[in-house]
Structure formats: structure tokens, C-alpha cells
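So the structure is just underneath, and the comments pick up after that.
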Amino acid sequence: MTVESTAARKPRRSAGTKSTAGKSTTTRTSASKDPELVQLLTPEGKRVKNAEYDKYVAGITPEELRGLYRDMVLTRRFDAEATSLQRQGELGLWASLLGQEAAQIGSGRATREDDYVFPTYREHGVAWCRGVDPTNLLGMFRGVNNGGWDPNSNNFQLYTIVIGSQTLHATGYAMGISKDGADSAVIAYFGDGASSQGDVAESFTFSAVYNAPVVFFCQNNQWAISEPTEKQTRVPLYQRAQGFGFPGVRVDGNDVLACLAVTKWALERARGGEGPTLVEAYTYRMGAHTTSDDPTKYRADEEREAWEAKDPILRVRRYLEASNHADEGFFAELEAESEALGKRVREAVRAMPDPDHFAIFENVYADGHALVDEERAQFAAYQASFADVEGA
């Protein structure tokens with residue numbers, strides 16, 4: 001597998017035709033429009049000026065640019081490997097970040113070591129930036145642990161499955177460090193689907209009223225599973241912040257430099273006592289919501305192809321090559337590093353124990369329950385039936 005071989009993973013069936021269920025897919029035009037957003041690097045790899053945000057990346061060196069590119073490439077490779085492992089039966093589920101690497105790496109590299117991060121379940125790139133071993137992310141998806149890392153070791157909270165609830169946790173934590181007099185900040189990640197949850201609205205209210213040092217980073221990948229953004233809101237998501245009394249900004253979520261600059265700005269505001277900010281990273285989920293989802297049933301090939309042309313990794317490579325900041329030796333070394341990472345991930349997952357199939361029956365009721373006991377017995381008989389077939 002080459003470094004960029006997953007840049008344009010295509011669905012098996014054309015999404016512009018009838019699905020197997022006999023329903024037409026939705027063709028949306030919003031992907032072809034250019035909304036108002038902060039952009040520093042075009043899809044063609046051209047550097048553009050921005051009077052407000054240039055200063056936040058003005059001192060970036062060629063080495064640091066190569067580092068951002070490396071982060072995105074290795075994160076994508078890890079993600080592709082995890083998807084393959086799920087298809088091979090090694091993981092129960094996987095939530096891919098394909099297409100969202102720039103939003104995660106740019107914002108993740110903007111954080112300081114003493115900042116605290118509250119993710120959802122797709123922030124594999126942010127975890128990479130915070131120093132969490134990628135193999136630790138896979139235990140939960142295999143069903144052998146509840147996270148696999150100590151949140152306080154990297155100031156990176158465990159993945160949150162309940163949609164939107166981590167924004168309240170982040171707000172409460174931010175209020176606490178503010179009372180403690182710390183000059184650090186908190187960043188909470190969520191998606192466009194979570195923006196419709198009441199927990200997010202409550203987080204906005206509390207953070208605004210208490211001037212909490214928190215950045216709400218919304219990765220608007222435009223699909224909450226099969227629900228498009230336009231069915232959830234009548235205004236761009238970043239504009240919601242106005243109603244709560246704090247600023248919102250929309251950034252090109254496929255532009256790692258813009259995501260880095262805007263997040264640095266928002267975190268500095270938070271640390272300086274200026275309160276919360278909503279950052280909407282306008283991006284696109286190139287793959288399925290999770291490996292249990294089939295996006296060909298609800299979105300068109302034309303939309304996906306339009307966003308493939310805006311690939312976050314390809315635009316940085318174009319910029320590096322045009323600026324003579326990287327040579328073929330660099331890309332070849334990164335290719336080898338990518339292969340090594342894939343091998344390490346495969347070996348680590350296959351060395352993990354199988355999940356305890358009966359753990360789901362524990363801690364359901366404090367004192368046990370007859371129905372749970374019955375279900376456990378039925379499941380035990382079902383599991384035993386496989387042993388009988390193998391022994392036949």
C-alpha cells in the first residue's frame with residue numbers, strides 16, 4: 001500500500017444510481033460551493049494571504065511543514081489499517097477519519113501540552129498529536145478495554161460514544177481550571193450531527209455565561225451518518241455562536257495551515273480570559289460513518305469526487321514540492337515509515353486477547369436479574385453451537 005493509496009477510496013457501487021433498496025441517492029450541490037471560510041492553502045497547493053490569521057503561522061519552518069504532512073500521512077495509514085483489520089474480523093467496529101486529517105492535525109498541533117482535549121470517537125489524528133500510541137485506540141474497538149490509555153498522561157480524555165456529552169465535560173473542566181487560575185485551555189471536538197444535541201447547546205450557554213476557556217471544535221463533515229447538514233440547520237454552524245454571545249469562525253477543514261492558525265487564535269483567546277470560541281472546520285467524510293455504514297445508499301459519487309479534488313494531504317504535498325521544501329528522499333522515507341506503522345498496528349491488534357463475550361451481561365443490574373440470567377444462558381448455548389460444529 002502506498003502512502004497516498006487511500007486518498008480516494010471509492011465505494012463499490014455508484015452512488016449516483018439506485019441503491020439495492022430501490023431508493024435514489026441524494027445529490028447535493030453544497031460541496032461545489034465555496035462558503036465563507038478561512039483558507040491559507042488552496043486545493044492546488046497555493047499559499048494565500050490572510051491579514052487576520054497569517055501571523056499564527058508566519059514562523060512555521062519547512063521542517064514543521066514536513067512534520068504536518070508526515071502527521072497526516074501516518075494518521076491516514078493508521079486509519080486505513082484499522083479499517084482493514086475490522087473487515088478481517090479483528091475489530092468489532094471502526095470510525096474512519098478519512099478526509100478529516102487536516103482538521104485534526106492542524107487543531108491538534110495548535111494545542112499546548114498543558115491544554116486538555118475532550119474527543120468524540122473519531123479523533124485519531126488528535127490522539128496522534130497528543131502522543132497517544134495509536135495501538136491503544138484499538139482496544140476499545142476490539143472490545144478488550146474501555147479506552148486503553150490514562151487520560152491524565154496526555155491530557156487527552158477517553159473516547160466518548162454518547163453524542164455531544166463531552167462538550168459538557170469540557171465546559172465543566174474549563175470552568176474548573178479557570179477558578180484554579182490556570183492559563184491553559186480546553187478544546188472539545190464534536191461533529192455536525194452532535195451540534196443538534198441539547199448537551200452542546202447547554203455547553204454553549206454555560207461556557208458563555210462563565211467565560212470558560214474552552215474552544216468548541218466542530219468537524220462539519222456534512223453527514224451525520226445519512227442525515228445531511230442542511231436538514232439540521234438553516235444557518236452555517238459557526239453562526240450559532242452569535243446567539244450565545246461568543247465568536248464563531250468557519251475554517252477550511254481540508255487546509256492544515258488554516259486549521260492550525262485558527263485554532264491557535266481561539267486557544268490564545270481562551271487562555272487570555274476572553275472566553276469560548278466555536279470553530280467550524282468545513283470538511284468532508286470521505287468514507288463511511290463507521291464500518292457498519294454504507295454511504296452509497298445516501299450520497300452521490302459526484303459529491304465525493306468533488307471533495308477528492310480538495311484532498312488535505314495532496315494539497316500540502318503540492319505546496320512542499322512547489323516550494324522545494326521536500327524532495328523525493330523525504331517522501332520515500334515517509335513511505336517506508338508508513339509501511340512500518342501499518343505492520344506494527346497489525347501485529348499489535350492480532351496480539352490482543354479476544355474480547356470476553358460474556359462481559360456484556362455483567363453490571364447490568366446490581367443484584368442480578370432473571371431475564372439477564374436467561375439471556376446469558378441462551379448466549380452460552382449459541383456460543384457452544386460453534387464448538388459443536390468445529391468438533392463435528
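What the table shows:
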quantity: Residues (β-branched (Val, Ile, Thr), open to solvent by less than 40 Å² (accessible area, probe 1.4 Å) and under 24 Å from TYR116 (Cβ atoms)) located in region 198-247; calculated: VAL200, VAL214, VAL215
quantity: Matching residues in region 26-74 - criterion: being at pLDDT below 95, over 20 Å from the mean Cα position of the chain (by Cα) and within 25 Å of ARG304 (Cα to Cα); calculated: THR26, THR27, ARG28, THR29, SER30, SER32, LYS33, ASP34, PRO35, GLU36
quantity: Residue in region 278-296 that is closer than 15 Å to GLN104 by Cβ, assigned to a helix (DSSP H, G or I) and open to solvent by less than 30 Å² (accessible area, probe 1.4 Å) present; calculated: no
quantity: Qualifying positions in region 175-185 - open to solvent by 40 Å² or more (accessible area, probe 1.4 Å), free of Cβ contacts under 8 Å to residues at least 12 places away in the same chain and not in a loop (DSSP other than H, G, I, E, B); calculated: LYS179, ASP180
quantity: Failed item in (1) within 27 Å of TYR238 (Cα to Cα); (2) buried (at least 22 other Cβ atoms within 10 Å of the Cβ), with THR42 passing the rest; calculated: (2)
quantity: Any chance ARG250 is at pLDDT 95 or above, under 30 Å from GLY45 (Cβ atoms), open to solvent by 10 Å² or more (accessible area, probe 1.4 Å) and among the basic types (Lys, Arg); calculated: yes
quantity: Pairs where the first residue, in region 192-207, is outside any helix (DSSP H, G or I) and the second is small (Gly, Ala, Ser) and open to solvent by less than 10 Å² (accessible area, probe 1.4 Å), C-beta under 8 Å, 6+ apart; calculated: GLN197/GLY164
quantity: Selection count where residues are under 18 Å from PRO213 (Cα atoms) and either at pLDDT below 95 or open to solvent by 20 Å² or more (accessible area, probe 1.4 Å) (or both), scope region 147-156; calculated: 1
quantity: Some residue of region 326-335 being open to solvent by 80 Å² or more (accessible area, probe 1.4 Å), in a helix (DSSP H, G or I) and more than 30 Å from ALA224 (Cβ to Cβ); calculated: yes
quantity: Residue check, ARG376 surrounded by 10 or more Cβ atoms within 10 Å (Cβ to Cβ) and under 35 Å from the mean Cα position of the chain (by Cα); calculated: no
quantity: Meets criteria (in a helix (DSSP H, G or I) and free of Cβ contacts under 8 Å to residues at least 60 places away in the same chain) for ALA261; calculated: no
quantity: Where VAL117 falls short, out of the listed (1) at pLDDT below 95; (2) aliphatic (A, V, I, L, M); (3) touching a strand residue (DSSP E or B) at 6+ places or on another chain (Cβ under 7 Å); calculated: (1)
quantity: Matching entry among ARG350, ARG346 (being of a type outside the set (Gly, Ala, Ser), open to solvent by 100 Å² or more (accessible area, probe 1.4 Å) and out of contact with any Phe, Trp or Tyr (no Cβ under 8 Å at 6 or more places or on another chain)); calculated: ARG350
quantity: Top-ranked residue in region 340-388 [being assigned to a loop (DSSP other than H, G, I, E, B) and hydrophobic (A, V, I, L, M, F, W, C); ranked as farthest from ALA80 (Cα to Cα)]; calculated: ALA366
quantity: Filtered residue count, region 345-372, keeping only those that are of a type in the set (Asp, Glu) and either in contact with a strand residue (DSSP E or B) (Cβ under 6 Å, 6 or more places away or on another chain) or at pLDDT 95 or above (or both); calculated: 1
quantity: Contacts under 9 angstrom Cβ, first residue in region 325-342 being farther than 12 Å from VAL73 by Cβ, partner part of a helix (DSSP H, G or I) and of a type outside the set (Val, Ile, Thr), 6 or more apart; calculated: HIS325/PRO62; HIS325/GLU63; HIS325/LEU65; HIS325/ARG66; HIS325/TYR319; ASP327/GLU321
quantity: From HIS124, HIS169, residue being touching a Ser or Thr at 6+ places or on another chain (Cβ under 8 Å) and closer than 20 Å to ALA348 by Cα; calculated: HIS124
quantity: Residue that is farthest from GLN39 (Cα to Cα), among those in region 51-98 that are in a helix (DSSP H, G or I) and among the acidic types (Asp, Glu); calculated: GLU81
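Each row is one residue, and each column tells you yes or no for (1) open to solvent by 20 Å² or more (accessible area, probe 1.4 Å); (2) part of a loop (DSSP other than H, G, I, E, B); (3) among the small types (Gly, Ala, Ser).
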| residue | (1), (2), (3) |
| --- | --- |
| LEU138 | no, no, no |
| PHE141 | yes, no, no |
| ASN145 | yes, yes, no |
| LEU158 | yes, yes, no |
| VAL162 | yes, yes, no |
| THR167 | no, no, no |
| TYR173 | yes, no, no |
| ILE187 | no, no, no |
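The values are calculated or read from the model by the stated rules, or taken from the named source; none is laboratory data. What you see is a predicted model, and the numbers here were worked out from it, not measured in a lab. Reconstructed Cβ throughout: ideal geometry from the backbone, glycine too, with neighbour counts over all protein chains shown. Remember, those area values only see protein heavy atoms, side chains included, never the ligands or the DNA or RNA. Shrake-Rupley method; radii C 1.70, N 1.55, O 1.52, S 1.80 Å.
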